[in-house]
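So the structure is just underneath, and the comments pick up after that.
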Amino acid sequence: MASVPIQPVKPRNVGQRRWLRRPSLGRTALARHEARWGLIFLSPWLIGFLAFTLFPMIASLAFSVTNISLAQDQPLRFVGLENFQRMLADKQTWESLAVTFRFAAFNLPIAIVIPFVVALVLNSRYLKGVGIFRTLFFMPYVIPFVSGLLAWQGMLNLETGWVNEFLRIIGIQNPPNWLQDTTLIYPSLAFIGLWGIGAGVIVNLAGLKGIPSELYDAARIDGAGWWASLRNVTLPMMSPVIFYSLILGIVDVLQYFLVPLVLYNGTGEPGGSTLFFNLVIYKQAFNFQNFSYGATLAWLLFGITLAITLVVFRTSRRWVYYAGER
Amino acid sequence: MRTRLLRVGSLIAAVALVFAACGPSGSASSSPAAVASESAAPASTAPETASAAPGGVVELRWYCCLGGGEAPEQKTVEDKVVADFNASHPNIHVTFEVVTYDQANGQLTTEIQSGNGPDVVGPVGIGGANAFHGQWLDLAPLIAKTNYDLSGFPANVVDIYKLDEGQVGIPFAIYPSALFYKKGMFDEAGLKEPPHKYGDKYTMPDGSQVDWNYDTALKVAKLLTVDKNNKDATQAGFDPKKIAQWGLELQRDDLRGMGAYFGPGKLASGDGKTVAIPDAWKAAWKYYYNAIWTDHVSLTGPQFESKDINPKDYPFFNGHTAMSENFLWSTYGVGDAGDDWNLAAVPSYNGTATAAFNADTFRILKGSKHPDEAFTFLTYLLGDASADLLTAYGGFPARTANQAAGIAALQAQFKNTVDWQVAVDGIDHADKPNFEDFMPAYNESLGLVGSGGKYLTKWGNSAGLDMDKEITSLQTDLQAIWDKAP
């Protein structure tokens with residue numbers, strides 16, 4: 001039977017700024033009551049955010065224009081933009097940013113696509129034992145990340161790692177040094193990252209479960225096969241979830257820190273390929289005791305992250321579809 | 001409505017996450033703050049500013065653990081030491097603060113930079129203290145004022161703490177080096193044991209008497225390196241990919257320390273700003289590299305990192321390494337090597353034997369508001385409390401008169417009779433200047449030469465390197481860091 005081309009679900013009102021209009025929450029006594037209680041319930045988070053995120057941020061901005069450092073025996077003074085000038089002239093700033101962006105370009109698509117694909121498989125009506133698979137995929141997520149990293153370090157060891165033991169069994173006598181080879185390091189890190197995709201899978205799975213089956217029924221009646229349904233129903237309906245994953249993924253990858261710290265002691269080995277920008281911030285502030293310079297670098301990261309996030313938000317109007325939007 | 005809320009909620013969440021890129025993050029997996037919260041042990045007491053409480057009681061804070069002292073059984077002793085002091089000194093009240101080793105450096109940095117530093121810090125090694133160069137109190141005036149007697153300590157150990165900052169420490173625990181070896185492996189290979197006395201010759205299998213130097217040690221190490229087919233490293237058909245027993249392991253925690261076994265020195269030249277790597281250290285690094293990749297008597301980096309091959313940080317502990325240079329503090333794990341290990345003199349280089357030296361003590365921060373009271377507490381730690389603390393830390397007493405008791409305490413931990421005199425003799429062969437001597441941009445420089453540093457990692461993982469180029473590259477990298485130092 002010839003398949004009938006179907007029209008993709010067209011996002012409505014895309015590009016309009018209706019969501020920025022003043023909400024109508026305060027118009028009725030009930031709404032005001034709800035809003036008040038909403039704020040009360042939110043207050044622990046809000047207080048925590050103000051005290052432990054916003055205030056330290058403001059403090060770090062103040063640090064960035066001073067000379068706080070244990071490495072020098074000078075009194076505290078205002079240095080203006082000196083730290084920012086140093087940052088721009090520092091080769092390590094650009095090298096570590098390049099490392100971060102290179103890894104982001106490699107890892108981000110994987111970190112978004114793989115959980116989505118796994119969720120698609122787990123959502124399939126043909127898969128038996130779905131509950132077991134869901135549990136298996138989520139289980140690594142509940143293991144402390146550092147413990148998991150140390151286990152991966154062992155598994156990828158050149159001499160005694162299980163991965164290379166397996167490769168030797170199948171006849172590869174000189175298996176690669178996964179964690180010390182500059183050409184393999186990003187695939188290895190991405191591989192390690194996939195181990196903890198449980199949360200991403202669950203989010204994607206929840207999104208897939210939320211797609212009304214009527215849409216698939218309608219698509220089938222229109223002659224859509226698996227691919228056409230995926231392209232014209234699943235992807236548009238999942239676009240808010242993909243958007244959410246993308247934003248979190250961007251923020252996460254720009255803050256990439258723990259893996260290179262644990263695996264390489266923050267040295268940037270092999271060959272500087274793991275000297276991520278967030279690691280440089282940490283080392284400057286807490287290892288090299290240059291608080292002011294570390295704070296300055298943190299503000300650069302903040303600026304970059306904010307800019308990228310805003311750009312992605314801006315583009316979202318063109319590709320994210322909210323089914324309930326009027 | 002729901003859509004609007006969803007979008008606004010997403011925006012708020014995203015902005016919060018972006019903010020978190022700059023501030024302490026709640027993200028469990030990727031931020032420095034997350035690491036800090038994951039691994040920092042809670043301090044026993046919240047930091048307080050040293051101050052005189054009403055009634056004239058001076059409040060002091062003792063900060064631990066930049067170099068050991070955090071284990072629960074150690075904390076029990078430390079708590080008792082503090083309680084005893086507080087009971088016997090009604091005018092001083094000491095609060096003990098434990099911060100785990102991995103977080104201690106960062107937290108102390110933060111405390112000092114925020115003007116909320118403690119009074120007494122320790123136990124801390126020479127290198128750990130140099131990470132806070134310029135922050136330590138010169139004890140000389142207090143030593144003079146109180147007539148504190150330093151004559152009970154070896155003069156060269158007292159001198160270790162005489163720096164450009166002044167006399168910043170008084171000896172407490174010392175850790176001379178020795179060559180740990182497995183007698184059973186020597187017997188099995190038909191080899192004589194290495195000499196226990198510095199200056200003694202070694203008897204080769206052919207009966208010849210030769211100097212106990214690094215060339216000899218390498219020859220012996222090859223005979224002690226055995227593959228899974230029971231061939232040693234001198235025999236045809238020896239398979240370096242299937243080694244079952246290694247002959248020699250250098251101390252590879254720190255490139256400077258590794259170098260110091262070949263001769264004392266430091267990286268900073270006379271002007272204190274120019275990198276000048278001692279020739280003996282260059283020789284040591286080449287020896288180390290060849291021992292791994294050419295002679296195959298030492299573990300490669302991946303073997304060293306493998307928990308299957310090296311489960312407890314030092315290969316000698318696994319019982320598959322015949323000889324290993326290390327400090328006396330490594331007795332904490334050497335029992336796992338079996339009951340046939342002993343101590344020998346470290347080999348000489350160019351006719352001189354140098355046993356790299358570690359030492360721990362307690363120090364007073366320059367910012368302490370009560371230096372006199374802090375000194376009173378410091379001398380208590382080094383005096384009345386020292387026996388308990390040394391036992392808890394596994395430290396060897398710096399005070400000469402206490403060393404016999406220290407040896408007895410060490411020997412009590414092992415079934416085999418160990419020649420501890422070798423370690424005592426090592427004090428006379430300590431490296432001076434100490435390898436952990438201050439250098440510009442100390443903490444940043446450690447990223448190149450310190451524990452887990454860039455070059456140690458690279459050399460352990462990469463065969464076929466040109467070591468002359470590597471050493472030149474290290475010198476260039478180090479100089480670049482020093483040139484940027486304030």
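The values are calculated or read from the model by the stated rules, or taken from the named source; none is laboratory data. In this text, all values refer to a predicted model and were calculated from it rather than measured experimentally. Cβ: placed from backbone, ideal geometry, glycine included. Neighbour counts: every protein chain shown. To get the accessible areas, we keep the full protein, side chains included, count just its heavy atoms, and leave off ligands, DNA and RNA. Shrake-Rupley method; radii C 1.70, N 1.55, O 1.52, S 1.80 Å.
A few remarks follow.
- Listed by chain and number, the lysines placed with their C-alpha closer than 18 angstrom to that of B:Lys192 are B:Lys182, B:Lys183, B:Lys201, B:Lys219, B:Lys222; residues fewer than eight positions away on the same chain are left out.
- Averaged over peptide A:155-162, the number of partner chain Cβ atoms lying within 10 Å of each residue's Cβ comes to 5.
- For the residues of A:142-148, the average number of beta carbons from a partner chain within 10 Å of their own beta carbon is 2.
- Taking all protein chains as shown and a probe of 1.4 angstrom, B:Ser114 keeps an accessible surface of around 80 Å².
- Length available on full extension from A:Gln74 to A:Ala218: 0.36 nm per residue minus the Cα-Cα distance, which gives 44.5 nm.
- Extension gain from B:Thr76 to B:Asp149, taking 0.36 nm per residue of separation minus the Cα-Cα distance: 23.4 nm
- If you take the Cα centroid of the stretch B:117-139 and the Cα centroid of the stretch B:306-380, the two points sit 19 Å apart.
- For the options A:Thr135, A:Thr274, A:Thr305, a Gaussian network treatment of chain A with springs between C-alpha atoms closer than 10 Å singles out A:Thr135 as fluctuating the most.
- Take the Cβ atoms of B:Asp239 and B:Asp336, set R0 to 41 Å, and the FRET efficiency comes out at 0.95.
- Exposure rank, largest accessible area first [B:Trp246, A:Trp227, A:Trp319, B:Trp293; 1.4 Å]: A:Trp227, A:Trp319, B:Trp293, B:Trp246
- Anisotropy class of the stretch A:43-101 from Cα gyration tensor, a/c 1.5 cut: oblate
- Where B:His429, B:His320 fall by accessible area, highest first, once all protein chains stay in place (1.4 Å): B:His320, B:His429
- Inter-label distance, A:Ile170 to B:Asn416: 4.4 nm, where each label sits 7 Å from its Cα along the C-beta direction.
- The simple Förster model, with R0 at 41 Å and r as the Cβ-Cβ distance, assigns A:Ala35 and A:Leu88 a FRET efficiency of 0.35.
- Relative compactness, the protein assembly as shown, computed as alpha-carbon Rg over 2.2 N^0.38 Å: 1.10
- Solvent exposure of chain A, expressed per residue, is 54 Å² of accessible area, with all protein chains present and a 1.4 angstrom probe.
- Tensor-based shape of chain B (alpha-carbon gyration tensor, a/c under 1.5 rounded, otherwise prolate or oblate): oblate
- Counting only residues at least eight positions apart within a chain, or on another chain, the lysines with an alpha carbon under 22 Å from that of B:Lys266 are B:Lys162, B:Lys282, B:Lys286, B:Lys432, B:Lys454, B:Lys458, B:Lys469, B:Lys484.
- Cβ-derived FRET efficiency at R0 25 Å, A:Glu95 paired with B:Thr274, nearest 0.05: 0.50
- A:Tyr321 contributes about 30 Å² of solvent-accessible surface, heavy atoms of the protein only, 1.4 Å probe.
- Summed side-chain charge close to B:Gly395 - residues other than B:Gly395 whose Cβ falls under 12 Å, Lys, Arg +1, Asp, Glu -1: -1
- Length gained when the stretch B:Thr400-B:Asn156 is fully extended (0.36 nm per residue, less Cα-Cα span): 86.6 nm
- Radius 13 Å from Cβ of B:Tyr288, net charge of other residues (Lys, Arg +1; Asp, Glu -1): -1
- Loop-exposed trypsin sites (Lys or Arg not before Pro) per DSSP, neighbour cap 16 Cβ within 10 angstrom, longest uninterrupted part of chain B: B:1-191
- Relative contact order for chain A, counting Cα pairs under 8 Å that sit 6 or more residues apart, in percent: 30
- Estimated inter-spin distance, B:Asp138 and B:Ser473, nm [label 7 Å along Cα→Cβ]: 4.3
- The distance from the alpha carbon centre of the stretch B:449-486 to that of the stretch A:120-139 is 49 Å, rounded to a whole number.
- Kyte-Doolittle at least 0.0, axis length at least 30 Å by Cα - qualifying DSSP helices, chain A: A:91-122, A:291-319
- Cα-based shape type of the stretch A:90-318, given that a ≥ b ≥ c are square roots of the gyration tensor eigenvalues and the cut on a/c is 1.5: oblate
- Partner chain coverage, peptide A:248-260 - average Cβ within 10 angstrom: 5
- Per-residue SASA entry for A:Phe191, accessible area with 1.4 Å probe, Å² rounded to 10: 100
- Site pair B:Asp164 and B:Ala485 shows an inter-label distance of 0.7 nm when each label is modelled 7 Å from Cα along Cα→Cβ.
- Solvent-accessible surface of chain B, averaged per residue with a 1.4 angstrom probe and all protein chains in place: 39 square angstrom.
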